[in-house]
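Just so you know, all these numbers are worked out from the coordinates, no wet-lab data involved. What you see is a predicted model, and the numbers here were worked out from it, not measured in a lab. No Cβ is skipped: glycine too gets one built from the backbone with ideal geometry, and neighbour counts run over all protein chains shown.
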Amino acid sequence: MLSQKAKYALKAMLALANQENGELLQAGDIAEQQNVPRKFLELILLELRKQGLVHSHRGKHGGYTLAKPADTITFGQIVRIMDGPLAPIPCASLTRYRRCVDCADEKACAIRRAMRQVRDSAAEILDGLTLEQARRGAAHAESLTT
């Protein structure tokens with residue numbers, strides 16, 4: 001399940017993607033526009049800055065802007081930064097694989113196979129959806145209707 005933190009991060013990044021020509025947007029404005037608690041948003045923006053997805057500018061006219069073009073930042077990147085791996089269980093993860101201690105035969109494990117399919121499907125959608133596509137409303141509409 002998507003955490004509230006990841007949801008707020010996606011909302012903030014979409015708000016920044018909507019800015020023209022890298023215009024700065026202050027955290028308070030994002031919080032108000034997106035109905036996100038400001039203090040929580042500031043922590044999220046700090047993490048996104050540390051991960052190279054946003055730039056921050058100090059001062060009276062400071063604020064935040066995307067560090068990369070909106071068509072190069074995917075939902076998958078943002079979700080992984082906020083929530084970690086997409087896999088619902090560690091043995092299905094590609095980036096943080098960890099064998100389950102209660103599994104006798106990992107290769108034959110039906111649960112692992114199913115959760116790997118869940119992970120792969122989620123990754124296909126989230127890694128294939130950029131901020132620019134979502135901003136324009138092209139959010140894999142064909143996938144969402146099936």
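Spacing of the modelled spin labels on Lys60 and Ala114, each 7 Å from Cα toward Cβ, amounts to 6.1 nm.
For the chain, the relative contact order comes to 24 percent (Cα pairs under 8 Å, sequence separation of at least 6).
Ordered by the count of other Cβ atoms within 10 Å of each Cβ, fewest first, Arg80, Arg113 give Arg113, Arg80. Please count, across the chain, the pairs of lysine residues with Cα atoms under 30 Å apart that sit 8 or more places apart or on different chains. Counting lysine pairs in the chain gives 18.
For Rg and Dmax of the Cα atoms in Å, several values are listed as [x] 14.3, 41; [y] 17.5, 60; [z] 18.3, 65; flag the one computed from this structure. This structure yields the entry labelled [y].
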